[in-house]
Every structure is written in C-alpha cells, then in structure tokens.
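Novice: One structure follows; several queries about it will come next.
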Amino acid sequence: MSGGLPKALPSTGPHSLRDMPHPLAGSSSEEAVGGDSTPSPDLLLARSFADKDLILPNGGTPAGTSSPASSSSLLNRLQLDDDLDGETRDLFVTVDDPKKHVCTMETYITYRITTKSTRVEFDLPEYSVRRRYQDFDWLRNKLEESQPTHLIPPLPEKFVVKGVVDRFSEEFVETRRKALDKFLKRITDHPVLSFNEHFNVFLTAKDLNAHKKQGMALLTRMGESVKHVTGGYKLRSRPLEFAAIGEYLDTFALKLGTIDRIAQRIIKEEIEYLVELREYGPVYSTWSALEGELAEPLEGVSACIGNCSTALEELTDDMTEDFLPVLREYVLYSDSMKNVLKKRDQVQAEYEAKLEAVALRKEDRPKVPADVEKCQDRMECFNADLKADMERWQNNKRQDFRQLLMGMADKNIQYYEKCLTAWESIIPLLQERQEAK
Amino acid sequence: MEPATPDLGRLLQPSPLEPLGHTDAGLEAVVDEDAEGVRDEDVPGDQTMTENNFWLKKIEISVSEAEKRTGRNAMNMQETYTAYLIETRSVEHIDGPSVLTDSLWRRYSEFELLRNYLLVYYPHVVVPPLPEKRAEFVWHKLSADNMDPDFVERRRIGLENFLLRIASHPILCRDKIFYLFLTQEGNWKETVYETGFQLKADSRLKALNATFRVKNPDKRFTELKHYSDELQSVISHLLRVRARVADRLYGVYKVHGNYGRVFSEWSAIEKEMGDGLQSAGHHMDVYASSIDDILEDEEHYADQLKEYLFYAEALRAVCRKHELMQYDLEMAAQDLASKKQQCEELATGTVRTFSLKGMTTKLFGQETPEQREARIKVLEEQISEGEQQLKSKNLEGREFVKNAWADIERFKEQKNRDLKEALISYAVMQISMCKKGIQVWTNAKECFSKM
C-alpha cells in the first residue's frame, strides 16, 4: 500500500481531490462553504478515501465540501448507492474455509479471507489470506482507535462462557465463521471504514504479525484528536438527538436481552420436550409387539413420532446456531455504540469548557482561538459521523431483524410441515382394513 | 330347573353357574348381537317379567349431568360427593322421536356396586371397566382433585360410556339389576344386596398375587393372562410418558407468549419496525393460548387408552377365574383319586398309601372287620358323590371355557376397532395442531416481512 497522494479512479466524478477546498478552511459552520486552499497531506488521508469513491448521481461537485460535515451529507447520499445491487460495489470480502492448526504451544482455528476489489488502494485485484480470531480482535481495536467517531461492528464473543461448548466443534466454528463474515461485510459496506488502512492491511498482508509489530501509527487526524480528549469534563446539555439515541439504545439493549432469554428458554423447553418424545415413540413399538391386528398401526405411530422428534431436533439446532448469535451480536453492537456516544459527550464537554474559559477571559472577539476552533470542528465532525452512522445502523438493523425474525418463523413453519407430512401419511395405514383370515 | 324362589337373582338371565338346561338357548342369545329383541324362548318362563318389553325397543342411555351434593355418610359425618343424572329414552321407530322413560340420580359408589355385582354373576364376561376413581397420570396443569370440574366432566363421560358398553353387550344388557339401576332409584342397593352376590363372590379372585399350581390350564388362557399383564404394563408406561410430553409441550407454547409482551414493548421505541413487531406479537399470544384446547382434546385420547388399561384387568379376571376353576377341578380329582386309592387298600388289605388311620392301626392294633366295612362304605359314598361333583365341575369348566372364549373373541374385535379409532383420532388431533402451528407462524412471518 503506497503512501502519498492517492490517484483518481476513472470512475470518480469529474473533480479530483485536489480541486476540493480544505474542509477546515473558512467558517466552521455546518453549512457547505467553498474555499480555495490546498488540502494538507494528512487530511487527505482522512477524507480522500471517502470522497474518492464517490459515485455522484448528478456528477458535479460533491456538495458542501468545505467542512467536515460535508462528508457526512455525502455519506447520506452514498447510502442510497450502497443499497443498490453489487454492480456499484467494488469491494467484496468473504470469510470461509475454517481450518484447525495444531502447534506445540496451542491449537487454534484460522479462516480464509478472500478479497476481490477494483479499488486503487489494492495493488492486486484479488487476495486470499488466513486469519485467526486474534487478528480480527486486533483489527477491531485498531478501527476503534483510528475511527473513534464511527460505529464499529461487534465481534462474536472472545471467550466462551458456557464451558460446556467445544471450541473446536463444527457448530461452534460455523457460528463463529458466520459472525466474522458478517463483521467484515459490515466494514466493507461502510463508506469510511472500508477505506481504513488497517482494514486494508488485514485483508492483504501476508504476514499480519509483522505489521502488528510495526505498530502502524496510521491514526486518522480525528483519531489523533479524539485520542487526546481528556475526560473529566462535565457535559452541559446533550443535544436532543443524541440523548434520544442514548435512550433508544438503552431500551433496545434491554428488549434484546429479554428476547435472548426468551429464545433460550424456548430452546430449553423444546429440548426437554424432545427428550420425552424420544421415550414416548418407542413405547408404541413395544406395544405393537404384543398385538396382532394393531401391530402395524402402532408401529406406524411410533415411526411417526420418531420423525417429529427428528424435525424438532433440527429446529432447536437451527435456532441455536442461527438465531441466538445474531441477537447477541446486536447486544454487543449497542454496547459499543454507547461507548462511542460517551466519547462524543466528552468531545462536546471539552469544547464547551474551553469556550467558557475563553468567554471568561474576555478577549477580543470575534477571533476565536485556534484550539477552541479545533475543538468545535472535532465535535461537529463527530456529531455528523455519528448521525450518519446511526442512520445507516438503523437501516441495517431493520433489515437484519426482518431477516432474522422471518427466518425464525420459517424454521417453525418447516418444523410443522414436516410433522404434518408424517401424520398425514399414516392415516391411510391406520384406516386399512385387515383382510379377513 | 330348580323350583322358583322369589330370588331376583334367578329371575335373571342365564348364568353359566346355573344347571345346564337353558345354557344352550342362552348361548344363541350371546351370538346374536342385536340387543333389540329377546325372543320368547330365551326368557326363562316367568311371565311376570313384563319388563322384558324394555328390550324390544331401542334404548338410549345418557349420563347427562353431574351435581355436587352434601349428605351424611354411614358414620353420620358430613361428606361431599357428586351425583350423576342418568336418563333413559326409548325410541319406538328408527329416526323417530325419543321419549324420556326414566331419569334418576346415582353416585359413583353405586356404579361400583353394579360392577361388582356383574363381576360375580358373569365371571365369563370381560366386564366393562369404570372410569378411574381418582385422577391419575395427570400432567401438571390438570388437577388431581376429584371435585375439579374438568375431572367431573370427564368422569361423567366415562360413566356414560360404561353404561353404553353394558347396554350393548349381548349378555350383560339383559341383566335385571342393570335394568333396575336405570329405572329404580330408591331401594336399588338393597335389591342388589338381597341377591346375595357377595356370598357367591370368590374371594380368591381378589388375591391377585396368590399363585395356584394348575397342572393343565387351557393354554389360551395362560397366554391371554400374560398378554393382559403386558398390556397393562405398556399402557401405563404410555400414559405416564404422554403426561410428561403434554407437560413439556405446554411449556414450549406458553413461553412463546412472552414474545407477545416484549415485541409490544419493543415496538414502542421503533418507527418503521413498530407495526410489524406489534402485530407479530399478537400472533405469538394466539399461539401460546392455543395449547389449552389442544391438550384438552388429547385428554380424550388418554381416556380412551385408560379404558383399555382397565379392560386389561377385566380380561385378567376372566383368565384368573378359569385358573381357579381348573385348580378346584384338579384338587377335586386329586381328592377323588386318593379316596379311591384308600378304598382299594382297605378292601385288599394292602397299604400303599400313607394314612393316619393306617398308622394308628399299625401302632395301636388292627381294626375290626366291621369297622373296616363301615369305613369302606363311607368312602364309597364319598367316591360316588365325588364322581358326580367332578363330572359337573368338568362340565362347568368346559362351559366356562366355551362361553368365556366367545366373549373374549368379541372383546378382541371390539378392542381392535376401538383402539384403531383412537389412534386415528389422535393422528387427526396432531394434524390439526400442525396446521394451526403453520397458520400462526405464517401470519407472524407476514408481519415480520412488513417490518
């Protein structure tokens, strides 16, 4: 991955980044304002990827290019594009092919990450690397550090709390693989995160450990600035929308937790029901052995119950593997989102404190000192990014839950259909008249 | 035929315990399943039995109501019991109107009395069982309380079934005490006791675990007894597990009801997803509450199985009766043989068999020829009597086997028919449950799709 000024992709809009005014030049209002100064190199890194890849529906200047907020409104427009079919995508990532590695020190699983992309940030059109959970964890941490104003998708849990689960069982590995795949796809779909350098390294580097050791200091400007935000400032008033988001996330996490408990309880009850069914069916067989004319009907009932038992087992397995993990993911998601909200609060608090300090000093206005301006920009950037991400998150959440719940309904329908078939098929057997001897 | 005495028990229909005269005629009636008419030749000559007109019309019996009553029992203590209303209707013509001819109240103990009476007087018949006295094989939601309205309702149906079984039995339907049970409210118990059936009862029948070493039982009865034991065991097991299955199924459905509440709460904080969630939640509630009716229907299936669980006992009783009769026969034959032996020894002077008299004679001296003659005479009388008894016992035994086996064959057909029907209705119940499940989840899926 080369440094330096990025090259314009042929598919980009008519203006290259160089034509775009410095986002922080001029006034710090959220309105789009034009400017003429050349962008500074480090800022280019931050903003360039997002703007680079713009496929603007109208062609022409990306609206509101002067302030950081502009990238968010661009993001908003981009969301429409991202929802279109794969033809507009230029990055595809898949996680598959889990393999077990046995070493002297430890045993672990790696997954194959396949990347296909036409983006210029990738030297080759296709990559295939192997990564283990640790590596995903590293990636997530790096993303959180470097993109603190954005919502980073959650990873499946690191440790398996219920000690009974086998870390190397097929079901566990498959569940984890799906979650890791989801994780990378969410990043891929994100217009800012998908251009993150750490993400690129994760997808392409032959030896990730070497990179880890290098300690890539490729923090975005925002990352740098937020990193240095000191805590301990008291927030005056949270803007309504963020207060609302906070409240929403609280209730949302609560409800999800309840649903998780209900789903687990249902599975537990279903398993206990299954245990009884597995004893129930064979008793009809035992009875059948005593009888003459009734032998076939009784045996038929026994087989039928056996089929229903199998169908039930399939249902509980499906629910455990597909339903519960997604719920848990979203609980983790909302937890990490709350952390981002806290950080945002901190940034706002610092800005307000500094502003107040300035006001008290009664220095000449309207010249606002540079560092206060920086704080304000930081805050507004953060707010904009967060808002955009929230909207995107809400949309994805709706899709995900729609799919999840429809899936749950589907699995139950299939279960009942299997049982229905079994019972309907023995009716003719039961009604059969025995030939007179 | 013995001289008629005002003994109601004998005014009744042919019982195999009676001397032989009318038994064959009675058997024809057994074979004829049409309970509608009793031909005149089958009626043991008593013209005062105008009640026989009863049988010429088709009758409908129903146990239509149950009522809680309080009264004083034999120890003058207050007790609560349930009384059941039995209504009998006669139908003059097919599809014609039914006319209520009798209506009276009976309690469970009176049904028990009727059954005990029938067991004594018809030991060769597989007597229909009563519904259970106490609720057993209950799953948790079902009450084990005898006063619980659901239990009382199921018992009412069971008692009605009991009476219908008797009324459709070719032999039992003719019983006078049964007729009086349906028609004579007051004094019926006294009438039953007056038959003296309790004296006739073979107490050994109740001693289920006592074994009698029978050398030559009819193999069919031995096999049948074994079958009835196995049947009892397997149906008990089935009912126990079924109750546990019902319990678990109840749990599964009811927990889904929680989705209803949480979806509703969640929908309150959502904008676009709200409606879909809310309406899906409603369907989850419907799903959760549907299990109550489903399991109630299944109780009827359990009751059908229970009837045959208890029928197995009745079957066993008939086999037992054969065993006892055979035992008595063998004991009588043995006794006769030993007496004959004694007689022979006395006559010839040889002592082959050990007898106390023989020993004492040896020890204390010979007996006189007169004494010996006297003893031989007594023995010869006893032998003669014994031979008569053995002959009649043999005949009785064979009659019993013939009649009992005929009823057993009838019972087997009935059992196969009934249980097949029960299995079919169980399958139908399951199909209905599956269809309801598909419906509810399809509705929920549609709501989710609108999220």
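Novice: Quick check: the distance between the Cα centres of the range A:277-353 and the range A:177-210, to the nearest angstrom?
Specialist: 31 Å
Novice: Something else: Name the GluC sites (Glu not before Pro) in the range B:79-157 that are in a loop by DSSP and that have at most 13 other C-beta atoms within 10 Å, would you?
Specialist: On the way: sites: B:Glu79, B:Glu87, B:Glu92, B:Glu110, B:Glu112, B:Glu132, B:Glu136, B:Glu153; in loops: B:Glu92, B:Glu132, B:Glu136.
Passing sites in the range B:79-157 are B:Glu92, B:Glu136.
Novice: For A:Thr320, A:Thr88, A:Thr204, what ranking results if the residue with the fewest other Cβ atoms within 10 Å of its Cβ goes first?
Specialist: Working: A:Thr320 16, A:Thr88 12, A:Thr204 20.
So the ranking, lowest neighbour count to highest, is A:Thr88, A:Thr320, A:Thr204.
Novice: Next up: If we count other beta carbons within 10 Å of each Cβ, what is the order of A:Phe122, A:Phe92, fewest first? Before the final figure, lay out the partial values.
Specialist: Numbers: A:Phe122 18, A:Phe92 14.
The most exposed by this proxy come first: A:Phe92, A:Phe122.
Novice: Residue by residue through the range A:287-303, what is 3J(HN,Hα) from phi via Karplus (6.51 cos²θ - 1.76 cosθ + 1.60, θ = phi - 60°)? Round to whole Hz and write x for glycine and proline.
Specialist: Using θ = phi - 60°, the values come out as 5, 4, 5, 7, 9, x, 5, 7, 4, 5, x, 5, 4, x, 5, 4, 5 Hz.
Novice: Under 5 Å between amide H atoms, partner at least 5 residues away or on a different chain: which partners does B:Asp102 have, H built in plane at 1.01 Å?
Specialist: Under 5 Å from the amide H of B:Asp102 lie the amide H atoms of B:Thr88, each far enough along the sequence or on another chain.
Novice: Also: Using Cα pairs closer than 8 Å and at least 6 residues apart in sequence, work out the relative contact order for the range A:89-210, in percent.
Specialist: 27 percent
Novice: Assign one of three labels to the range A:89-210, namely rounded, prolate or oblate, based on the Cα gyration tensor with a ≥ b ≥ c the square roots of its eigenvalues; rounded applies when a/c is under 1.5, prolate when it is not and a/b is larger than b/c, and oblate otherwise. If you can, show how the numbers build up before the last one.
Specialist: Numbers: a/c = 1.86, a/b = 1.51, b/c = 1.24.
It comes out prolate by the Cα gyration axes.
Novice: Related question: Can you compute 3J(HN,Hα) from phi for each residue in the range A:401-406, using the Karplus curve 6.51 cos²θ - 1.76 cosθ + 1.60 with θ = phi - 60°, rounded to whole Hz and x for Gly and Pro?
Specialist: 6, 4, 5, 4, 6, 4
Novice: Could I ask something else about it? Note down, for the range B:47-194, the three equivalent ellipsoid semi-axes (square root of 5 times each alpha carbon gyration tensor eigenvalue), biggest first, whole angstrom.
Specialist: Values: eigenvalues 149, 68, 54 Å².
Ellipsoid semi-axes (Å, largest first): 27, 18, 16.
Novice: Using modelled backbone amide H atoms (1.01 Å from N, in-plane), which distant-in-sequence or interchain residues come within less than 5 Å of B:Arg107's amide H?
Specialist: Correct list: B:Tyr84.
Novice: In the range B:268-319, which trypsin sites (Lys or Arg not before Pro) fall in coil by DSSP and have 16 or fewer other Cβ atoms within 10 Å? If you can, show how the numbers build up before the last one.
Specialist: Working: sites: B:Lys271, B:Lys306, B:Arg316; in loops: B:Lys271.
Taking the range B:268-319 and a limit of 16 other Cβ atoms within 10 Å, the loop trypsin sites (Lys or Arg not before Pro) found are B:Lys271.
Novice: Could you tell me whether the range A:225-341 comes out rounded, prolate or oblate from its Cα gyration tensor? Rule is a ≥ b ≥ c as square roots of the eigenvalues, rounded for a/c under 1.5, then prolate if a/b exceeds b/c, otherwise oblate.
Specialist: prolate
Novice: Apply the Karplus parameterisation 6.51 cos²θ - 1.76 cosθ + 1.60, with θ equal to phi minus 60°, to every residue of the range B:221-236 and state each ³J(HN,Hα) to the nearest whole Hz, in sequence, with x for glycine and proline.
Specialist: For the range B:221-236, the Karplus curve yields 6, 4, 4, 5, 5, 4, 4, 5, 5, 4, 4, 4, 5, 6, 5, 4 Hz.
Novice: OK, next. Could you list A:Asp385, B:Asp218, A:Asp250, A:Asp322 so that the one with the fewest beta carbons within 10 Å of its beta carbon is first and the one with the most is last? List each step's numbers first, then the result.
Specialist: Values: A:Asp385 24, B:Asp218 19, A:Asp250 13, A:Asp322 16.
Final ranking by Cβ density, sparse to dense: A:Asp250, A:Asp322, B:Asp218, A:Asp385.
Novice: Still on this model: Quick check on the range A:238-431: take the gyration tensor over C-alpha atoms, sort the square-rooted eigenvalues as a ≥ b ≥ c, and tell me if it's rounded (a/c under 1.5), prolate or oblate. Don't skip to the answer; put the middle values down first.
Specialist: On the way: a/c = 7.39, a/b = 4.77, b/c = 1.55.
Prolate, since a/c reaches 1.5 and a/b exceeds b/c.
Read the figures in this text as sums done on the coordinates, not as results from a lab. Bear in mind the structure is a predicted one, so any value in this text is a computation, not a measurement. Every residue, glycine as well, gets a Cβ built from its backbone with ideal geometry; the counts of neighbours run over all protein chains shown.
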